[in-house]
1. Sort 199-206, 35-42 for me by packing, meaning the mean count of neighbouring Cβ atoms within 10 Å per residue, highest on top.
2. Report relative contact order for the chain in percent, whole number only (criteria: Cα-Cα under 8 Å, sequence separation at least 6).
3. Segment 155-178 to segment 243-302: how many Å between their Cα centroids?
4. Considering only DSSP states other than H, G, I, E and B, which chymotrypsin sites (Phe, Trp or Tyr not before Pro) in segment 83-168 qualify as loop sites with at most 12 other Cβ atoms within 10 Å?
5. In debye, nearest 20: dipole of segment 12-220 around its Cα centre with unit charges on the Cβ of K, R (+) and D, E (-)?
6. Considering only Cα-Cα distances, which of the following residue pairs are longer than 28 Å: K207/K278; K63/K270; K48/K233; K157/K207; K201/K233?
7. About the Cα centre of segment 164-283, how large is the charge dipole given +1 on each Lys and Arg Cβ and -1 on each Asp and Glu Cβ? Please answer in debye to the nearest 20.
8. Mind checking which of T215, N36, A250 is farthest towards the positive end of the chain's charge dipole, using Cβ charges of +1 (Lys, Arg) and -1 (Asp, Glu) about the Cα centre?
Amino acid sequence: MDTNIINLDNVATEKRNSATSNIDALSTIEMVRTINQQDQLVALAVEKALPSIASAIDVITDKLQKGGHLFYIGAGTSGRLGILDAVECPPTFGVDFELVQGIIAGGYDAIFKAKEGAEDSQELAVIDMKERGFTSNDVLVGVAASGRTPYVIGGLKFAKELGAPAIAVACSPNSPMSEVADITICVTPGPEVITGSTRLKAGTAQKMVLNMLSTGTMIKLGKVYGNLMVDVKATNLKLAERARHIVMEATGCQRDTAIKALDEANGKAKTAILMILKNISADHATELLSASNGYLREALNK
C-alpha cells in the first residue's frame, strides 16, 4: 500500500461542481456569468461563519492590546493572502510592520514563484515561526482551504504547545486543522469552478475572512473613528490627500484648516481631528490621546 496517497474524497474543496461541468464549451459571456454566479455564493457562506470570526477578533484584540502580535501562516494562495492582509495594515491603520505578519511555506521566493513541496513539512513551520520570534504572547491564524496542509497544522500545533491562541481558517468541514485549533473559521462556498482550484471561491472566502479579522481588530484597537481610518500613514501623495479628507469629514472643517492642523500634528489625522474639535494644541491633543490609549472617541470625552 502506498502510504503517500492522500485521500481527497472527503475534502470539500476537491469536489466537482455540477454547475460548471461544461464550462469549457460555453461562450465567453456565458463562462464569466457562470463564474460570477458561483462567486455570489461566497459571501453567503462567510455569513454562516460570522460567530467564529467574531470570537477570533476578540481573541486577537486581547493579545494585541497586551503587546502581542498577529501571525498568519499558510502555503500557496493561502500564504499569499495572509501576507497581503498583513502588509496592508501599516499604511491603513498606522501600526508597526511587525504587528501583523504573514509567513508562507517556502519563504520569500514562494510569494512570487510556487514552491508547492514546502507545504508538506510540519517541522518547517516551526522553524519559520521561531525565526520570526513567535511566542506565547502572540496569536496564530493558520490558513488553508483544504484544512489539511501539514505546514499549517505544524504551525498550529507549535502555537498550542507554547500556549498561544491557534485559529484555523479553512474551507472544508471537519478538517485536521479544526482538531488542533482553539477556534475554527470554516467557510464552505461549495466546489470550485475549476475542480480543486482553491485560488477561486475558497481564495475569495479566505480574503473576506482575513479582511474581517484585521479590520475588526483594528476597529477595536481604536484605529478607526466612525468609519474613517484616522491612523492612516500619509506616505504618498494619495494618502496625504486622504488624510486631509479624513480630517475634513470628521470635523466639518475647510481644507486649509485641515492642512494647517495636519502640519502641526506631524501628519497625524487623529491628532489633527482632536485639535480641531476641542480647539487645543497638538501637544495637548497628543497628551489626551496617550491618556486614552489612542482611542479618539474616548479622548474627545475628556
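1. The peptides rank, most packed first, as 199-206, 35-42.
2. 19 percent
3. 41 Å
4. Passing sites in segment 83-168 are F97, F112.
5. 260 debye
6. Those over the limit are K207/K278; K48/K233; K201/K233.
7. Rounded to the nearest 20 debye, it is 260 debye.
8. It is A250, whose Cα lies furthest towards the positive end.
All of the numbers you see were taken from the coordinates with simple rules; none came from a lab. The shown structure was predicted, so the numbers you read here are calculated from the model rather than taken from an experiment. Virtual Cβ from ideal backbone geometry, glycine too; neighbours counted across all protein chains shown.
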